[in-house]
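The values are calculated or read from the model by the stated rules, or taken from the named source; none is laboratory data. Bear in mind the structure is a predicted one, so any value in this text is a computation, not a measurement. Because the Cβ atoms are built from the backbone with ideal geometry, glycine has one as well, and the counts that use them run over all protein chains shown. Ligands, DNA and RNA are excluded from the accessible area calculation, which covers all protein heavy atoms including side chains. Shrake-Rupley method; radii C 1.70, N 1.55, O 1.52, S 1.80 Å.
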Amino acid sequence: MLRRSTFLRTAAALVAGCGLALPMAALAQAFPAKPIKLVIAFPAGGPTDITMRQLAENASKILGQPVIIDNKPGAGGTLPAQALQTAQPDGYTVAQIPLGVFRLGYTTKINWDPLKDITYVLNVTGYAFGIVVPADSPFKTWADFVAYAKANPGKLTYGSTGTLTSPHLTTEIVAQKAGIQLQHVPYKGSADLMLAVVSGQLMAAADSTGFAPQVEAGKLRVLNTWGEKRLAKFPDAPTLKELGYDVVQNSPFGIGAPKGTSPEVVKKLHDAFKQAMEEPSYVASLGRYDMLPNYMSSATYTKFAQDTVVREKAIIDKLGLAKEVKTN
């Protein structure tokens, strides 16, 4: 009797163990069984929103479930990454990871680690940036901009899509190299920023090429761009390197999932979004803003994150913007 009861208990334990394992495997295999939420860092109507909505639409067709955009602007583009910290690691919540996420440990008190507490799925693209002024601005060239700033320290106002974003930090690096002081005004996204500069509330704006429609409409003028080469849409605008600054900024961004997301689910997400990136509709939406697909695999994107955290610390330190913060 004892042996029989022992056998039954052992058998029951094995069945229970299998009962736990099999549903997990089945869940990964069945993924996705419901809509997926893709949280992005900037408001509706800007270049990030427009291009990521096209990517989401393409991925929806591949995954067989809707991929729904959830806009969470503010906090320098880091709110989507923060949202991952409370999301279930089941693949149904993923987020855009802008470059600002890799600066958080040096600028903000957080209780999570951008490297350890995000699963990096893939990189999808990067921004093209530049500095623009109103079309009726007296600044016809970058030299005019610098000359005014030198003659009027701290009086030249420029906006960006948020404090400690790539447009903000890159402009401050260039200002430091040029020996000028500027007055920074942060906005939540490109749409609001463009309204401010077009209406003359700001003297200039540092932004991704969300400014393209306003430039093409004759409302703004491009003073410089920040890539290795001049942008096809704005061939007359010199790069920072051409102007004598050894600065290139294209701010790659991709998609992350919560820590602990299963490798099987990550692979399904990776494969679907990679295929979605290759669709002509997505390439065309990027081209509207002189952006290009910039694919990185899960492993390559993870390594990029690790390297970027080190590089961004050097930039923060150089600008004297580091705060006494620590992560738990």
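Values as computed for the structure displayed
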{"read-out": "Test: residue in segment 22-35 that is of a type in the set (A, V, I, L, M, F, W, C), at pLDDT 95 or above and either crowded, with 18+ Cβ neighbours inside 10 Å or under 29 Å from residue 277 (Cβ atoms) (or both)", "value": "yes"}
{"read-out": "Search result, residues across segment 74-110 that are in contact (Cβ under 8 Å) with a residue 40 or more places away in the chain, part of a loop (DSSP other than H, G, I, E, B), surrounded by 23 or more Cβ atoms within 10 Å (Cβ to Cβ) and in contact with a Leu (Cβ under 9 Å, 6 or more places away or on another chain)", "value": "91"}
{"read-out": "Some residue of segment 293-310 being in the same structural domain as residue 99 (by the TED database) and under 25 Å from residue 191 (Cβ atoms)", "value": "yes"}
{"read-out": "Within segment 248-264, considering residues that are surrounded by 16 or more Cβ atoms within 10 Å (Cβ to Cβ) and not in a strand (DSSP E or B), the one farthest from the chain's Cα centre (by Cα)", "value": "262"}
{"read-out": "Within segment 299-310, considering residues that are free of Cβ contacts under 8 Å to residues at least 24 places away in the same chain and of a type outside the set (A, V, I, L, M), the one farthest from residue 104 (Cα to Cα)", "value": "303"}
{"read-out": "Extreme residue, farthest from the chain's Cα centre (by Cα), among residues of segment 84-114 that are among the aliphatic types (A, V, I, L, M) and closer than 30 Å to residue 318 by Cβ", "value": "110"}
{"read-out": "Residue match in segment 126-143 (condition: buried (at least 24 other Cβ atoms within 10 Å of the Cβ), hydroxyl-bearing (Ser, Thr, Tyr), in contact with a Phe, Trp or Tyr (Cβ under 9 Å, 6 or more places away or on another chain) and under 30 Å from residue 261 (Cα atoms))", "value": "yes"}
{"read-out": "Filtered residues of segment 265-310 (kept if assigned to a helix (DSSP H, G or I), of a type in the set (A, V, I, L, M, F, W, C) and open to solvent by less than 60 Å² (accessible area, probe 1.4 Å))", "value": "265, 266, 269, 272, 273, 276, 277, 286, 304, 305, 309"}
{"read-out": "Within segment 167-215, considering residues that are farther than 24 Å from residue 243 by Cα, under 17 Å from the mean Cα position of the chain (by Cα) and hydroxyl-bearing (Ser, Thr, Tyr), the one least open to solvent (accessible area, probe 1.4 Å)", "value": "190"}
{"read-out": "Set 145, 139: member being assigned to a loop (DSSP other than H, G, I, E, B), touching a strand residue (DSSP E or B) at 6+ places or on another chain (Cβ under 9 Å) and touching a residue at least 40 places away in the same chain (Cβ under 8 Å)", "value": "139"}
{"read-out": "Criterion (among the aliphatic types (A, V, I, L, M) and at pLDDT 95 or above) met by exactly one of 118, 110", "value": "118"}
{"read-out": "Which numbered condition residue 314 fails, given (1) open to solvent by less than 70 Å² (accessible area, probe 1.4 Å); (2) out of contact with any strand residue (DSSP E or B) (no Cβ under 9 Å at 6 or more places or on another chain); (3) at pLDDT 95 or above; (4) within 30 Å of residue 84 (Cα to Cα)", "value": "(3)"}
{"read-out": "Where a residue in segment 38-66 is on the phi > 0 side of the Ramachandran plot and its partner, wherever it lies, is at pLDDT below 95 and not in a loop (DSSP other than H, G, I, E, B), with Cβ under 7 Å and at least six apart", "value": "45/191"}
{"read-out": "Selected residue (only one of 122, 169 is under 30 Å from residue 274 (Cβ atoms) and outside the structural domain of residue 223 (by the TED database))", "value": "122"}
